[in-house]
Amino acid sequence: MMDAETGEIISKAKTTIIKASELKNATELLDILNQLKQIKATASILKQADIGKVVGKLRSFSDNNVSQKAKETVRKWKYDIGAAGNGTSSSRKSSNSSAVLSKPSSPSRRASTDLINRTIKSDDIEYTSTDNPPRDKTIELMYSSIGLGSYADSNLLVKRAVAIEKQLFALFNQTVKEDYKSKVRSLALNLKSKTNPALREGVVTGEISIETLCTINVEDMASEESKQRDRKLAEEALFKARGAESAQAETDMFRCGKCRGRKCTYFQMQTRSADEPMTTFVTCINCGNHWKFC
């Protein structure tokens, strides 16, 4: 059962949508759809309010903004129901969800930690073709890459996807070049990484410019977690490599933060620019702990 407040909101929204549809009032429809999109949907809520069919009809509304917003709202509700139903095997529940959303088949069972996949085809988006099949394919690939797990407006996603392809084409001049293909594959792989949502979100919001995205190297595209892990592995390898050499000096100048001992070895290396201080790498002889400082 849905709570009284939610029921009242949906009931009023349903009435408003019906009236606004008859009057072709796109502005009011957009406002109410934005409100409905914020509701955490369940099959029970949608079925009792019978709101799914009403919103579903707006997907073919004459105003493109309204039709896209309706598609996004329905898609978001389907995801809510799929996530809430994770781990259940009730065929009755699946059929109810299907009926509420006016779809011929039940929504797929998706783990709550999974990310919703979006494509130009599934979002029913149109864009101006480049009249070049490989370029169009790149646009569609970029759309699905930045749209992974996103509830951003479809028009914004396609705008970003088109801009990314346009920038890549400008950089590499033609799609038959391996550099173009390689860069497309690299971008898609990094943008679709489930451990690096910040990259996707940065591109969608505009925090990461299209020019920057298309020119940065693979290392810079990695998540902060990956960068820290790589730095730690590099430092471990450096300590081990130098540990096998006899060039390290022994000293009691440093105190180990782990065992508090002072018997240590150290070496120095220029890890930054030439005008920066050298980095000192210290290893405790007693417990093997190591650290660095500049």
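Summary of values
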quantity: For the range 134-211: relative contact order, % (alpha-carbon pairs under 8 angstrom, 6 or more apart); calculated: 37 percent
quantity: Exposure rank, largest accessible area first [MET278, MET269, MET253, MET142; 1.4 Å]; calculated: MET253, MET278, MET269, MET142
quantity: Burial order of peptide ranges 34-41, 159-166 (average beta-carbon count within 10 Å, highest first); calculated: 159-166, 34-41
quantity: Contact order relative to length of the range 1-69, as percent, for alpha carbon pairs under 8 angstrom and 6 or more apart; calculated: 37 percent
quantity: Karplus (6.51, -1.76, 1.60) ³J(HN,Hα), θ = phi - 60°, over the range 128-133, in Hz, Gly and Pro reported as x; calculated: 6, 5, 7, 6, 9, x
quantity: Full-stretch length increase - LYS57, TYR151 - with 0.36 nm per residue and alpha-carbon distance subtracted; calculated: 31.8 nm
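The values are calculated or read from the model by the stated rules, or taken from the named source; none is laboratory data. Everything numeric here is computed off the predicted structure, so don't read it as measured data. Counting neighbours? That spans all protein chains shown, and the Cβs are built from the backbone with ideal geometry, glycine included. When the accessible area is computed, the model is the full protein with side chains, heavy atoms only, and any ligands, DNA or RNA have been set aside. Shrake-Rupley method; radii C 1.70, N 1.55, O 1.52, S 1.80 Å.
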